[in-house]
Amino acid sequence: MLDGDPLRVEAGQPLAAALMKAGLSVFRRTPVSGAPRAPFCMMGVCFECLVEIDGVPNQQSCMVEVREGMRVRVQDGARNLEATR
Amino acid sequence: MNISTDPGSGFTHDVIVIGGGPAGMSAAMTAAEYGCKVALLDEQPRPGGQIYRNVTRAPAALRELLGPDYQRGSGLAERLQRSGVECHFDTTVWDVGQDLTVTAQCHGRSTQLRPRQLIAATGAMERPSPIPGWTLPGVLNAGAAQILLKSSGTVPSGATVLVGGGPLLLLVACQLLDAGARVAALVQTTPTSNLLRALPHLGRASLTPSYLAKGAGLLQKLKRAGVPFYRDAREIRIEGESGVSALTFRAGGTCVSIAADAVLLHHGVVPNTQLARLLRLEHRWDDTQLAWQPCVDAWFETSLPGLRIPGDGASIAGALAAEASGALAALGAAAAIGRVDCSTQEREARAWRKLLRKHSRVRRFLDELYRPPEWLVAPPDETIVCRCEEVDAGTIRHMAILGCQGPNQTKFFSRCGMGPCQGRQCAITVSQMLARAHFKSVQEVGSYRIRPPLKPIPLGSIAALASPSVSRSACKEEFE
C-alpha cells in the first residue's frame with residue numbers, strides 16, 4: 001500500500017527501488033523549504049529516501065526490502081508526531 | 001538475537017565484525033578459522049556490502065551482465081555461510097562505546113554485544129558532488145544507479161547523463177549500456193592537467209596490469225557505442241523544477257546544454273568515517289585521496305586499542321585489497337586475544353600482505369588521474385552543500401567570514417550538518433571550504449563531532465534496552 005492505494009511490486013528488492021519502478025518520482029518534501037527529494041545514494045548514507053513504513057516514520061527505504069502487506073506513506077515536511085503515536 | 005554472555009569475562013564474543021562487504025566477510029571468516037567466536041553484523045538483509053550487493057540473489061543473467069568482478073562476491077558469501085560465523089543481517093549498529101560495547105537494532109529492538117576485539121569494516125561512500133541542482137529528483141550518485149541495477153535489475157529511464165570522473169563512472173556507464181539504458185553523454189570533469197600528475201605513477205601501476213587493461217576496455221567500449229564524451233567540463237548546472245530536465249556546462253571553451261531525464265554523479269569514493277568519528281579516533285587528511293582516513297597500524301588497529309578498521313573504511317584501495325586487509329585485521333585480533341602466536345601470525349600474514357601490495361599498486365596512479373577538480377569544493381553561492389538542512393555554499397563562506405574556525409562552530413551557527421544524515425553528505429565539503437577560507441590545512445580545520453545514535457532509531461528501541469532479557473528474547477523470536 002502506498003499512501004492508502006494498493007501497489008503490486010516484485011518482492012525481494014529494496015523498497016526505494018520498487019517505489020521508483022512504480023513511478024514514484026518525489027519521495028518526500030523537505031521540512032525546511034518543502035523542496036522535492038528522491039533517492040540519491042541507495043546505500044543508507046544520504047537519508048533522502050525517508051518514508052513512513054507501517055506507522056514508523058523516517059525509515060530509509062533503500063535499506064529495507066519489500067514485504068507483503070507493507071503500508072508505506074510518503075513524508076510531507078517534518079514527521080507528524082500526533083499521527084505516529 | 002540469541003546472545004549469551006560469558007559470565008566470567010562479560011564478553012559475548014571474541015570478535016565482532018561490523019559490515020558484510022569484502023573486508024568484513026574476509027575478516028569474519030579468518031577470525032573464525034583461528035577458533036574465535038565471531039559475529040558479523042550488517043544493515044542489509046544479505047551479505048555483500050555495496051560492491052557485491054544482492055550477489056546471493058541476483059538472477060544469473062544479471063550476474064553475467066555485471067561481470068566476473070561482481071560474481072567473485074558469491075564465492076565469498078557462500079564461504080561465509082559455511083564458516084561458522086554467527087551472521088546477523090538487518091541489524092543496524094547505532095552506537096559503539098569506548099569499551100567496544102556494540103549497540104545494534106534489529107527489527108525495531110536494540111540489543112548490546114561486547115567483543116574482546118571489534119573489526120569495523122564500514123567501507124566507503126561516494127564523495128559528495130555539490131553542484132547546482134544536485135538535490136533534484138532524478139539526480140543520483142553513479143554508484144546508486146549501479147546498486148539499483150544489482151538489487152532490482154532497473155536502469156534509469158530516458159536520457160541518462162553521467163558526470164564526474166573515476167573508474168566507477170566508466171564501469172557504470174558500460175553496465176547501463178549493456179542493461180539497455182539510454183546513455184546520452186559522459187561528461188568528465190577530470191582536469192586535463194591530472195594526466196601529468198598521474199604519469200610518474202604509471203610504471204608502478206603497470207606492475208598489476210589487469211586494472212589498466214580493464215580501464216582501457218571500458219573506454220573503448222563507450223567509444224564504440226558512440227557515447228558523446230566531454231572532457232574537462234566545468235560550471236556544471238543541473239536544471240529542472242520538480243525533476244531533472246537538462247544539464248549545462250562549459251567544455252573546451254563552449255557552453256553545452258544536454259536534455260536529460262537522469263543525471264548520475266561520481267567523483268570517486270571516500271572512507272565512511274562516521275563510526276570512527278563517533279569514537280573520536282585519530283584521523284589524518286590524505287591530500288592524495290582528498291579524504292579523511294582513520295590512522296591504523298599494520299594490523300589495522302586504530303588509536304582505540306582493540307578496534308580495527310580494514311578495507312575501504314581505512315583507505316580506498318578496492319574490493320580485492322579489502323579482502324586482504326580484512327584477513328590481516330582478523331589475524332591481528334586473533335593474536336591480541338591469544339588465538340595465534342606471533343610467529344604463526346607473521347607467517348600467515350605474508351601471503352595476505354603480498355596480495356595487498358599487488359592490489360594497491362595501481363592506486364596512486366588512479367588517485368592522481370581522477371583527482372577531483374578544485375572547483376568541486378568551491379561551489380557557486382546558491383549551491384546547496386548540506387542537503388538535509390538546505391545550507392548553501394554562500395552561507396558557509398559567510399560563517400567563515402563571521403569567524404567560525406571549524407565545522408562544529410559552523411554547525412552551531414548555521415545548522416549545516418545537523419540533519420538526519422548527520423553530516424555524511426556535507427562534512428568533507430565543509431572542512432575543505434573552511435580550510436580554503438582560513439588559509440589553513442584541512443587537518444587543522446578538522447571535521448564534525450559525531451554522536452550516537454549513528455542512525456535515527458525509535459525511542460521504543462532504546463527503551464527496550466533497559467530490560468535486556470526482554471529485548472533479546474523478542475529479537476530472537478523475530479530471527480526465528
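Since every read-out is calculated from the coordinates, none of them should be taken as a lab result. Just so it is clear, the model here is predicted, and its values are computed rather than measured. Counting neighbours? That spans all protein chains shown, and the Cβs are built from the backbone with ideal geometry, glycine included.
Points worth noting:
- Percent RCO, i.e. relative contact order, over chain A, from Cα pairs under 8 Å lying at least 6 residues apart: 36 percent
- Shape category assigned to the range B:174-246 from the gyration tensor of Cα positions, a/c cut at 1.5: oblate
- About its Cα centre, the range B:345-409 has a charge dipole of approximately 1040 debye under the convention of +1 per Lys or Arg Cβ and -1 per Asp or Glu Cβ, with nothing else charged.
- Inter-part distance, the range A:1-73 to the range B:286-322, computed on C-alpha centroids, equals 33 Å.
- For the protein assembly as shown, lysine pairs with C-alpha atoms less than 26 angstrom apart, excluding pairs fewer than eight positions apart on the same chain, total 12.
- Cα shape, the protein assembly as shown, gyration tensor, a/c 1.5 rule: rounded
- Shown for B:T254, B:T190, B:T248, B:T30: other C-beta atoms within 10 Å of each C-beta, ranked fewest to most, produce the order B:T254, B:T248, B:T190, B:T30.
- Selection from B:T154, B:F229, B:T208, by position along the positive dipole direction of the range B:136-239 (Cβ): B:T208
- Charge dipole (the range B:220-312, unit charges on Cβ, about Cα centre) - positive-most of B:V296, B:P271, B:H283: B:P271
- Electrostatic dipole magnitude of the protein assembly as shown [Cβ: Lys, Arg +1; Asp, Glu -1; Cα centre; debye, to 20]: 1120 debye
- Three-way shape call for chain A based on the alpha-carbon gyration tensor, with the a/c threshold at 1.5: oblate
- Bridge type composition, the protein assembly as shown - antiparallel percent by DSSP, nearest 5: 55 percent
- Estimated from helices alone, the mean residue ellipticity of chain B at 222 nm is -11000 deg cm²/dmol (sum of -39500 (n - 2.57) over DSSP H runs with n ≥ 4, per residue).
- When +1 charges are put on Lys and Arg Cβ atoms and -1 charges on Asp and Glu Cβ atoms, the dipole computed for the range B:1-94 relative to its Cα centre reaches about 280 debye.
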